[in-house]
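Take a look at the structure below.
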Amino acid sequence: MPQNQSKRMLAFALSGIVLAVLPFIVGSTLGNSWVRTLDFALLYIMLALGLNIVVGFAGLLDLGYIAFYAVGAYTFALLNSPHLSIFMPWWFILPLGAILAAFFGIMLGTPVLRLRGDYLAIVTLGFGEIIRIFMNNLNAPVNITNGPQGINMIKPIEVAGFSLGKPVELFGTTYNSVYIYYYLFLLLAVLTVIICHRLQHSRIGRAWVALREDDVAANAMGLNIRNIKLLAFAMGATFGGVAGGLFASFQGFVSPESFGLMESIMVLAMVVLGGMGNISGVILGAVLLTVTPELLRDIIGPLQMKAFGRMIVDPENARMLMFGLALIVVMLVRPEGLWPSKRRKAEFHDALDDGIPAADSQAADGLKG
Amino acid sequence: MADALLKIEGIHKRFGGLHALNDVGLTINRGEIYGLIGPNGAGKTTLFNVLTGLYQPDEGKFTFNGQDLFRQKPHVVVKAGIARTFQNIRLFGEMTALENVMVGRHVRTKAGALGAILRDRATMAEEKAIRDRARELLNYVGIGNVANERARNLSYGHQRRLEIARALATDPTLLALDEPAAGMNPRETEDLQALMEKVRSSGVTLLLIEHDVKLMMTLCDRIAVLDYGKKIAEGVPQEVKSNPRVIEAYLGAAHA
Ligand SMILES: Nc1ncnc2c1ncn2[C@@H]1O[C@H](COP(=O)(O)OP(=O)(O)O)[C@@H](O)[C@H]1O
Ligand SMILES: [Mg+2]
């Protein structure tokens, strides 16, 4: 036991060191834009872990998750930019965005309580679009969101009078703000991981899994399905809201374009590709799906120039094409995701020699699945 | 004077044109084993679903332990003290046996999301209590050795027992078992009978649907017979057995 524990401590210490120096290694070898990509990877880890609560833990397919990201981002943007000339401290509006997002989570959750599967997916998708369309159109008659132009000059996060948006000088070298944000995002991503892990291994986490496995049985065992579903929606949305606020302060600019259906699908793809329900898997999915497109961007253009002396396929199209192909291949080869939870893996692999009667035999209990 | 625990009166349940429960009334006394028999399709499971809140009855009265449970939600019914198993086993297949029983403790515990995140002392103590109680119940029903197996991998007999353990985890006053011996061999049925006696002597009242007539005759204090959604007989096993309407219902069903 102590040996096991010291091994774990060692692993933690090592990953801690790697994560701490990562931006400097990446920055000095690949440039600042890659540090920025790292920042986004951390942001997407938070988003994907939030969605994982809803989709992975509780089994509720949510295609409108990006709406909560939008709520967090716009809350931050509206309350800390020249657009409405309101400048509130970040430590107030970041949690406010999270609470508002949770509120929207419950607003979405309440009408869809009785829906499952495809129907749930369609309604949540609609919800995501509604929020985006609101952001797009709330510029008249009273200009609230500034419409499609979005809101810019959002103030960066400030700690003790020190703005994270400004470059810092350290030992004679100037470091871009992407470095400082890296540590802030890392801190919050780690916090998200801890919270998700603790939720998973708790009374609440068990209730979510029970709900996912068989909602009728869960209900008959005394679980209040309504509360458990709403809690999943609200908790998931909270993380989306925080990530959105961070995004707004990091970018300094938000517009409805960042919150389209494609983004929702991207975050869902991170969860599914990595391994629904498994925290490590979801982290892997988020990192891969953030980094790979950037990698392809760096590779495809120059490669074509080298091979053919000119651009044959538009690099942007080629990038998305390859990315899509890669996703399809992964899902064909490993439908349970790259790093599934043990539970999920088993679901995919012995669905055939099932000991438990599935939906078709539920007739005898008179209850539809 | 018998002490009534559950009382239903004039319960009706219709599915479209089908009158699945037609004016059903019965009283279950505290501490007894009450049997429910009847041909297939008679409405026994439907009655269970009504009693556990999974179906909303169309009319009638339903009181339990002094509480009105007419058209209450399933989780309210469980909280009031009625737990059940399913004719077609409905375990949480990918969870371990232990986790299944731990889910059963949900209704008697209260740690929320905040407690889960902060892992404060009360939450941790409660979590430990949930785990300990779940282990105890697995041992109680005799499957402590498979605590960490996933439910779907358990043998059929073990799954049936696990469902009972999960139901017991809700601290029920009334335990309702829907065909618990279905698909069991005589040996397993005997063990199950012993388990049910044990549960009863621990102070839990039992409501039992079963086709095994011999088992019902030896086990039950009183039996009600349903046929086409109607209660056609009720009484101690000997009475019911010699009731001409019951014989006819069974013979009729056998001929159909
Ligand atoms: N959800 C339902 N919808 C329609 N008909 C149902 C439903 N549940 C049960 N029934 C019907 O009610 C009748 C009684 O069924 P059930 O209670 O399962 O019988 P038993 O358990 O006594 O074999 C059957 O005819 C069955 O088809
Ligand atoms: Mg039945």
For this session: Could you tell me whether the range B:1-89 comes out rounded, prolate or oblate from its Cα gyration tensor? Rule is a ≥ b ≥ c as square roots of the eigenvalues, rounded for a/c under 1.5, then prolate if a/b exceeds b/c, otherwise oblate.
Result: rounded
For this session: Would you mind giving the mean number of other chain beta-carbons within 10 Å of the Cβ of each residue in B:121-129, as a whole number?
Result: 1
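Provide the FRET efficiency to the nearest 0.05 for the B:Gln193-B:Gln56 pair, computing r from the beta carbons and using R0 = 56 Å. It would help to have the intermediate numbers written out before the result.
Numbers: r = 34 Å, r/R0 = 0.60.
The value I calculate is 0.95.
If you count, for each residue, the other Cβ atoms within 10 Å and average over each peptide, how do A:96-104, B:231-239 line up from highest to lowest? List each step's numbers first, then the result.
Working: A:96-104: 22.1, B:231-239: 16.0.
Descending mean neighbour count gives A:96-104, B:231-239.
Considering every pair of different Cα atoms, what Kirkwood radius, in Å, is found for the range B:190-237?
Values: mean 1/r = 0.0851 Å⁻¹.
Kirkwood radius, the range B:190-237: 11.8 Å.
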Problem set entry | Whole-number percent relative contact order across chain A, with pairs defined as alpha carbons under 8 Å at least 6 apart | 27
Exercise. So what is the relative contact order for chain B, in percent, with contacts set as C-alpha pairs under 8 Å and at least six apart?
Worked result: 26
Seminar exercise, completed: Among the range A:204-240, those whose backbone N falls under 16 Å of a label point 7 Å along Cα→Cβ from A:Thr110 are A:226-235
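To the nearest whole number, what is the average tally of beta carbon atoms from other chains within 10 Å of the beta carbons of peptide B:66-78?
What the average comes to for B:66-78 is 3.
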Problem set entry | Computed over the protein assembly as shown, Cα set: Rg, Dmax in Å | 29.4, 102
For this session: Could you pull out every one of the lysines with an alpha carbon less than 28 Å from that of B:Lys110, ignoring same-chain neighbours closer than 8 positions?
Result: A:Lys229, A:Lys342, B:Lys73, B:Lys79, B:Lys128
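Between Rg and the Kirkwood Rh of the range A:209-254, both from Cα atoms, what is the Rg to Rh ratio? Walk me through the numbers on the way to the answer.
Details: Rg = 16.2 Å, Rh = 12.5 Å.
A ratio of 1.30.
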Exercise. Sorted from largest down, what three extents in whole angstroms do the Cα atoms of chain A have along their principal axes?
Worked result: 73, 55, 53
Exercise. Which of the peptides B:203-209, B:128-134, A:28-34 is most tightly packed, and how do the rest follow, judged by the mean count of other Cβ atoms within 10 Å per residue?
Worked result: B:203-209, B:128-134, A:28-34
Exercise. For the Cα atoms of chain A, what angle does the longest principal axis make with the long axis of helix A:2-30, in degrees from 0 to 90, nearest 10?
Worked result: 40
Seminar exercise, completed: For peptide A:195-205, the mean count of other chain Cβ atoms within 10 Å per residue Cβ is 5
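Determine one quarter of the surface area of the Cα convex hull of chain B, which equals its mean projected area, and express it in nm² to one decimal.
Taking the Cα atoms of chain B, their convex hull projects to 15.2 nm² on average.
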For this session: Quick one: grab Rg to one decimal and Dmax as a whole number for the range A:1-151, Cα atoms only, in Å.
Result: 20.0, 67
Problem set entry | Part-to-part distance (alpha-carbon centres) for the range B:151-210 and the range B:110-130, which is given in Å | 30
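Among B:3-14, A:246-257, A:116-127, how do they line up by average Cβ neighbours within 10 Å per residue, starting with the highest? Display every interim value, and only then the final one.
Values: B:3-14: 17.8, A:246-257: 22.6, A:116-127: 15.8.
Ranked by mean Cβ neighbours within 10 Å, highest first: A:246-257, B:3-14, A:116-127.
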For this session: Return P(r) of the range A:182-333 (all Cα-Cα pairs; 10 Å bins starting at 0; whole %; ordered from short to long distances).
Result: 9, 28, 31, 21, 8, 3, 1
Exercise. Excluding same-chain residues fewer than 8 positions from A:Lys155, which lysines have a Cα within less than 24 Å of its Cα?
Worked result: A:Lys166
Problem set entry | Equivalent ellipsoid, the range B:91-169 (semi-axes from 5 times Cα gyration tensor eigenvalues, Å) | 24, 12, 10
Exercise. Which lysines does A:Lys345 reach when only Cα atoms under 18 Å apart count, and residues fewer than 8 places away in its own chain are ignored?
Worked result: none
Seminar exercise, completed: Fewest to most Cβ atoms within 10 Å: B:Ile143, A:Ile228 sort as A:Ile228, B:Ile143
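Where does chain A land at 222 nm, in deg cm²/dmol rounded to the nearest 500, when only DSSP H runs of n ≥ 4 count, each adding -39500 (n - 2.57), divided by all residues? Please list the in-between numbers first.
Numbers: 13 runs with 244 residues, N = 369.
Rounded to the nearest 500, the figure is -22500 deg cm²/dmol.
Just for the protein assembly as shown, what percent of DSSP beta bridges are antiparallel, to the closest 5? Intermediate values should be presented prior to the final figure.
Numbers: 30 of 46 bridges.
Within the protein assembly as shown, antiparallel bridges account for around 65 percent of the total.
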For this session: Please label the shape of the range A:80-223 as rounded, prolate or oblate, based on the square roots a ≥ b ≥ c of the eigenvalues of the alpha-carbon gyration tensor (a/c under 1.5 means rounded; beyond that, a/b larger than b/c means prolate, else oblate).
Result: oblate
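Laboratory data are not the source of any read-out in this text; all were calculated from the coordinates shown. Treat the numbers as computed from the prediction; the structure is a model and nothing was measured. Reconstructed Cβ throughout: ideal geometry from the backbone, glycine too, with neighbour counts over all protein chains shown.
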